[in-house]
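The values are calculated or read from the model by the stated rules, or taken from the named source; none is laboratory data. The structure presented is a predicted model; accordingly, all values stated were derived computationally and were not measured. We place every Cβ from the backbone using ideal geometry, glycine too, and count neighbours over all the protein chains shown. The protein model used for the area step is the full one, side chains on, heavy atoms only, and it has no ligands, DNA or RNA in it. Shrake-Rupley method; radii C 1.70, N 1.55, O 1.52, S 1.80 Å.
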Amino acid sequence: MGRALGSLRCCLALLALLALPAAPRDPALRPRPQPRPGGPSAGTAGTADTACKNRPLDLVFIVDSSRSVRPEEFEKVKIFLSEMIDTLDVGERTTRVAVMNYASTVKVEFPLRSYFDKASMKEAVSHIEPLSAGTMTGLAIQTAMEEVFTEEMGTRPAAFHIPKVVIVVTDGRPQDQVEEVAAGARTAGIEIYAVGVGRADMQSLRMMASEPLDEHVFYVETYGVIEQLTSRFRETFCAVNVCALGSHGCQQVCVSNGASHLCDCHEGYTLNPDKRTCSAVDMCAPGRHECDQICVSNNGSYACDCYEGYTLNPDKKTCSAMDMCAPGRHDCAQVCLNNDGSYSCGCYEGYTLNPDKKTCSAAEVCVPGRHDCEQLCARGEQSYTCDCPLGYTLSPDRRISLLTTEEACKCEAIVALQDSVTSRLEALSTK
């Protein structure tokens, strides 16, 4: 009887074990170990202290599934993706996630518009299968630019200032021109993180990653420890310093302010009312510059200049009058007269300045009132001389000179005539 009861108990126990549900085979769905005290959270999805807050991203994972990645190693990559999703504040208005799988071909497993909850994303990740041929990393990045980072596929418009981020996970050397493609992606505003595993080529990782390289290139020795990078990325994406992430929207300068930030401008610019963009300050407004004469605005700065006839001194602020009458600096025909940084033209004696204020013409010195000759005035090259008509001679007390204006004709015949007339008048008056 005892043996029968014992056999019955064994059968019941066996039936009970058979009735239990089978354990999931997919490693991504196995129960995960509890985190060690003080260590990074490994899969505590949905907890308030592990998810990023206020850090929306358009995030694309690009994972290498070439032949060098063994199946069990690729399962480790999938666990890493699931744990990264756990740490993110996933949602339509927060962080959107896409996953791409590549080898010699590229497969978009799901774009940014597909899932806005963690459970759906992780379920999709669990079904990813390796492609097992080649390592066309450049092709994968190019596909991300052309097919994934588009508004049709869920990327938010540039006006939203949502950072575009790529995380590439690879264990080999790219078989295509990844450097040129990655440079184009960075120029297009995509921030690239490169994660190398085991046999990964470090030079290639550095060629594709964004600057600074020490913040964008990660390396682990095996896929078995790739999950350790989860906490590193969490610190990066959930950093208090919004300015470091690049999602601040400031046109020029971002200043961290606790959990928030403020925008500022470079010297010579002022913050606009929108508190994000900057406009050049009028540096030539009174009291804002040190120029002696002329201030010239120059894109938020200024340079000094001088009026015509002045030259800028070595201090680049004050001005000194130039010698405007130095040879080659003026266009006067005869005489140049300096005039406090400017000049005027004059003429030699016997010449007059023409209406153009530059050239000179010989003066007509023999017009009435301009000479003191008694009878005839003869104009010379630059002056005049006095003369008498035929039958008269110039008075001995005058000399002929080509340079003065003092000569006058006092002719002897006139003097004799005057004496004769005077004598006759006196004779008539006595009769």
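The table for this structure:
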item: So residue 290, is it assigned to a loop (DSSP other than H, G, I, E, B), within 30 Å of residue 355 (Cα to Cα) and open to solvent by 50 Å² or more (accessible area, probe 1.4 Å); result: no
item: Checklist (1) open to solvent by 30 Å² or more (accessible area, probe 1.4 Å); (2) modelled with pLDDT under 80 applied to residue 247, failing item; result: (1)
item: Count - residues of segment 262-287 that are β-branched (Val, Ile, Thr) and part of a loop (DSSP other than H, G, I, E, B); result: 2
item: Options 411, 325; residue that is of a type outside the set (Phe, Trp, Tyr) and at pLDDT 75 or above; result: 325
item: Yes/no for residue 105 being under 40 Å from the mean Cα position of the chain (by Cα), within 19 Å of residue 193 (Cβ to Cβ) and either open to solvent by 20 Å² or more (accessible area, probe 1.4 Å) or in the same structural domain as residue 228 (by the TED database) (or both); result: no
item: Near pairs, Cβ below 9 angstrom, 6+ apart or cross-chain, from segment 172-183 (touching a residue at least 12 places away in the same chain (Cβ under 8 Å) and within 17 Å of residue 199 (Cα to Cα)) to any residue that is open to solvent by 100 Å² or more (accessible area, probe 1.4 Å) and not in a loop (DSSP other than H, G, I, E, B); result: 173/203
item: Members of segment 293-322 that are part of a loop (DSSP other than H, G, I, E, B), at pLDDT below 85, surrounded by fewer than 17 Cβ atoms within 10 Å (Cβ to Cβ) and under 29 Å from the mean Cα position of the chain (by Cα); result: 299
item: Residues of segment 187-229 satisfying the condition of being assigned to a strand (DSSP E or B) and either out of contact with any His (no Cβ under 8 Å at 6 or more places or on another chain) or not hydrophobic (A, V, I, L, M, F, W, C) (or both); result: 190, 191, 193, 195, 196, 197, 217, 218, 219, 220
item: Residue satisfying all of: in segment 62-115; among the aliphatic types (A, V, I, L, M) and assigned to a loop (DSSP other than H, G, I, E, B); nearest to residue 230 (Cα to Cα) among these; result: 88
